[in-house]
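As structure tokens, the structure follows; a few thoughts come after it.
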Amino acid sequence: FKGGDTCEYLLSSGRFLGEKVWQPHSCMMHKYKNSEAKNCLIDKHVVFIGDSRIRQLFYSFIKLINPQVKEEGIKHGNIPFEDKSASIKVDFLWYPEVNGSMRQRIKSWTEGSVAKPHIIVVGAATWSIKIHNGSNEALAQYKINITSIAPLLEKLAISSDVYWVLQDPVYEDMLSESRKMITNEKIDAYNEAAVRILNSSSRNSKAKVKVFSVSKLIAQETIMKSADGLHLPESSRDTNAMILMNVYCNKIMKPIDGSCCQPQPPLTLIQKIAFCFFTLSIIGYLIISLIHRNNYRKNKSCTDLESGEEKKPAISIPNVSTLEMLLHCFCKLGLIMTYFYLCDRANLFMKENKFYTHSSFFIPIAYILVLGVFYTENTKETKVLNREQTDEWKGWMQLVILIYHISGASTFLPVYMHIRVLVAAYLFQTGYGHFSYFWIKGDFGVYRVCQVLFRLNFLVVVLCIVMDRPYQFYYFVPLVTVWFMIIYATLALWPQIIQKKANGSCLWHFGLLLKLICLLTCIYFLSYSQGAFEKIFSFWPLSKCFELNGNIYEWWFRWKLDRYVVFHGMLFAFIYLALQKRQMISEGKGDALFSNRVSNVLLFISIVSFLTYSIWASSCKNKTECNELHPSVSVVQILAFILIRNIPGYVRSVYSSFFAWFGKISLELFICQYHIWLAADTKGILVLIPGYPMFNVLVSTFIFVCVAHEISQITNDLAQIVVPKDNSTLLKRLLCIAGFFSGLHFFSAMQDQSRH
């Protein structure tokens, strides 16, 4: 379904999510802060013309600029407002009826060299109904007056933004006796007249008066909360003011979570080059496929005319060449990236804001938990944190994180704190897995490093190019990449200490512990020295990778938030492997990890620790304070979970194949969600099928999971081609990759220069 004119939708349609959150049809509305409103309206003049309802809208609008403003102006008179710091002028002009006086004021802006307001908001009718006791003659005169004003408004609309506010319905039961003649039937008649007459003579699309009809929809839901049956409650008029701000400011400020009224961003030079590359890959693959098909037909089995026996072809079908496999991967990737671009950069599909409710988060969690338990199977091995178990762990954590993101649960602090533990657990596995590999295998070769770096970063690099986003935007990949390099450097630097060497002497174990202590000291120093951290990552080319919005604060924040957990993972791996080597733990099928007494004590402590952390996280009141404690205490719940999952032998011997399947593509799921499941760079939700939220989630989820799985396959296939085992070939490939990134940097510099 096409997104269409989102400005038109913003002004005319939408629905409430809950009681106070307004969701425009097809697009996302940004919540403007005072500083943003000032930046947008700097040197602007805004005028509100009308009755007491327009005065309400005027006050809500100026409170977006200055929240300290009080509604103390003259009720039946003009009210000026000025913000000298930003040179903003906002005036309310008291014209409660559409008459000659209003026409004269509007006409004055169309004549000569008089400065025209940048934004004009007009609306009136209820006074005409009230003064003339709802007579038909008053309606006829209203039509005549608005007909005379319409051409003037259309003339102003060529250079200014002009909005006509339709009249909101009233709550007739609450109206005072002096207002009983103001009925919803009369209001509808006046609104119908205004809509029919406005823009009737305008042929130029730029000279159209924008009809602000969404206020009617908002009032229909909230007017019963009105104090007098006529004027809207404060929350509703604040929503109207925010809509007005979005209509005018989104095209200027271009907020990520404000897709309404935003034009489609133009293609960058790098995006155009990427488009050409993928197009050529698709064409190349099709040509090679056709050639192979023709060769296959020529060599197909045929019948010998003399003997009547079937002949086999002399030439067998050739194996798929490296070039064909490469083009096949890029062909599929090109089609997938086209879908990414259409979902989150083109104005093709609709986007909506997130809205959190407890049911939207906890019901899906319960559902996937039941599915996960249903698909229980026996593990191939029963070691602590075996491959199936770690895949399962990654899988259910990833599914919970996905539900957390789509439900907007970050606004609920207890859920936020538990999700932070899941992110920390991923990094814990990074420390545990890579330390175990280097410690046991002792493989510090370039091939291993390149394989890991390619698998981690391939998708993100492609998305940075196609979606025009910085590397740091996909924060988790830079995080695991840097930590992998830190683990590698810690263990690979002299003296290289591995398990085989350490078995000969206990002194090597102390040497490794000394290395780990040095690593912990460096982490501690950098965590309390922001200046030193920023200096390290401000050097080129690191600055190009880790900057976001012109600085590296976001990278500093993300790194600091889980700064100790990778070290905890490495330390846990060292202790576990040492105990395993000395046969101090029992990992047989069905066997408890320790003796019954020790196992029971550790299991009890683990359960208490797990619950204690959950109680603490649930009682958090301040996100900043809890984030400060999180790096030191998150390991408690992680270790508690590992012990609960592994101490009982029967629990260690089974796993959920459902969760494990998702665990194998967890990285792709985490990255792909940014653009083809969520929308507006994770700020909203992608809407493929409007009007059916549940069906939309099912369809978009199915496509999203299939795409993530396909990208995982593509990455694995390309890793075999791009990162070969032969060192001389690998060196050539690395030089090609260096050339690729040099070219990317060159074109990026050209882009930045053209933007400035």
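Set side by side, the residues Tyr475, Tyr528, Tyr488 differ, and just one is open to solvent by 40 Å² or more (accessible area, probe 1.4 Å), within 30 Å of Phe330 (Cβ to Cβ) and among the hydroxyl-bearing types (Ser, Thr, Tyr), which is Tyr488.
Of all the criteria given as (1) closer than 26 Å to Asp344 by Cβ; (2) surrounded by fewer than 21 Cβ atoms within 10 Å (Cβ to Cβ); (3) of a type in the set (A, V, I, L, M, F, W, C), the one not satisfied by Val211 is (1).
If you go through segment 521-568 and keep only what is among the hydroxyl-bearing types (Ser, Thr, Tyr) and farther than 29 Å from His745 by Cα, you end up with Thr521, Tyr524, Ser527, Tyr528, Ser529, Tyr564. Being open to solvent by less than 30 Å² (accessible area, probe 1.4 Å) and either without any contact (Cβ under 8 Å) to a residue 40 or more places away in the chain or of a type in the set (D, E, K, R) (or both) is the filter here; which residues of segment 387-424 pass it? Scanning segment 387-424 gives Glu388, Asp391, Glu392, Val400, Ile419, Arg420, Leu422. Checking each residue in segment 443-467 for being surrounded by fewer than 16 Cβ atoms within 10 Å (Cβ to Cβ) and not in a helix (DSSP H, G or I) picks out Asp443, Phe444, Gly445. Against the criterion of being touching a residue at least 24 places away in the same chain (Cβ under 8 Å) and closer than 18 Å to Asn250 by Cβ, Met28 qualifies.
Each row is one residue, and each column tells you yes or no for (1) without any contact (Cβ under 8 Å) to a residue 12 or more places away in the chain; (2) in the same structural domain as Ala424 (by the TED database); (3) touching a strand residue (DSSP E or B) at 6+ places or on another chain (Cβ under 6 Å); (4) not small (Gly, Ala, Ser).
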residue: Trp559; (1), (2), (3), (4): no, yes, no, yes
residue: Tyr564; (1), (2), (3), (4): no, yes, no, yes
residue: Phe572; (1), (2), (3), (4): no, yes, no, yes
residue: Ile585; (1), (2), (3), (4): no, yes, no, yes
residue: Arg597; (1), (2), (3), (4): yes, yes, no, yes
residue: Leu602; (1), (2), (3), (4): no, yes, no, yes
residue: Ser609; (1), (2), (3), (4): no, yes, no, no
residue: Trp616; (1), (2), (3), (4): no, yes, no, yes
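The lone criterion from (1) open to solvent by 10 Å² or more (accessible area, probe 1.4 Å); (2) assigned to a helix (DSSP H, G or I) left unmet by Ile158 is number (2). Checked against (1) open to solvent by 30 Å² or more (accessible area, probe 1.4 Å); (2) in contact with a Phe, Trp or Tyr (Cβ under 6 Å, 6 or more places away or on another chain), Phe537 passes all but a single condition, namely (1). Taking segment 8-109 and the helices (runs of 4 or more DSSP H) fully enclosed by it, the elements with 2 or more residues that are open to solvent by 50 Å² or more (accessible area, probe 1.4 Å) are at 34-41, 100-108.
Given the criteria in a loop (DSSP other than H, G, I, E, B), open to solvent by 70 Å² or more (accessible area, probe 1.4 Å) and of a type in the set (S, T, N, Q), does Ser200 qualify? Judged against the criteria, Ser200 is a match.
Residues in segment 317-356 that are at pLDDT 95 or above and either on the phi > 0 side of the Ramachandran plot or β-branched (Val, Ile, Thr) (or both) were compared, and the one that is most open to solvent (accessible area, probe 1.4 Å) is Thr338. Checked against the criterion of being in contact with a Gly (Cβ under 7 Å, 6 or more places away or on another chain), farther than 30 Å from Phe702 by Cβ and open to solvent by less than 20 Å² (accessible area, probe 1.4 Å), segment 625-636 has no qualifying residue. Does Ala578 satisfy the criteria of being touching a helix residue (DSSP H, G or I) at 6+ places or on another chain (Cβ under 8 Å) and either of a type in the set (Asp, Glu) or crowded, with 18+ Cβ neighbours inside 10 Å (or both)? So Ala578 fails the test. Quick check on segment 693-733: of everything there that is open to solvent by 60 Å² or more (accessible area, probe 1.4 Å) and more than 28 Å from the chain's Cα centre (by Cα), which residue is nearest to Trp677 (Cα to Cα)? Restricting to residues being open to solvent by 60 Å² or more (accessible area, probe 1.4 Å) and more than 28 Å from the chain's Cα centre (by Cα), the top hit is Gln720. Pro169 meets each of the listed conditions (1) open to solvent by 70 Å² or more (accessible area, probe 1.4 Å); (2) out of contact with any Ser or Thr (no Cβ under 9 Å at 6 or more places or on another chain); (3) at pLDDT 95 or above apart from (1).
Mind listing just one residue for me: the one in segment 194-213 that is of a type in the set (A, V, I, L, M, F, W, C) and at pLDDT 80 or above and, of those, farthest from the chain's Cα centre (by Cα)? That would be Ile197. Among residues belonging to segment 357-377 that are surrounded by 14 or more Cβ atoms within 10 Å (Cβ to Cβ) and among the β-branched types (Val, Ile, Thr), point out the one that is farthest from the chain's Cα centre (by Cα). Here the residue is Ile368.
For segment 121-142, state whether one or more residues are among the acidic types (Asp, Glu), open to solvent by less than 70 Å² (accessible area, probe 1.4 Å) and not in a loop (DSSP other than H, G, I, E, B). Within segment 121-142, not a single residue is among the acidic types (Asp, Glu), open to solvent by less than 70 Å² (accessible area, probe 1.4 Å) and not in a loop (DSSP other than H, G, I, E, B).
The values are calculated or read from the model by the stated rules, or taken from the named source; none is laboratory data. Worth saying up front: this structure is predicted, and the values here are computed from it rather than measured. Don't worry about glycine lacking a Cβ; one is built from the backbone with ideal geometry, like all the others, and counts go over all protein chains shown. Just so you know, the surface numbers come from the protein's heavy atoms only, side chains and all, with ligands and any DNA or RNA stripped out. Shrake-Rupley method; radii C 1.70, N 1.55, O 1.52, S 1.80 Å.
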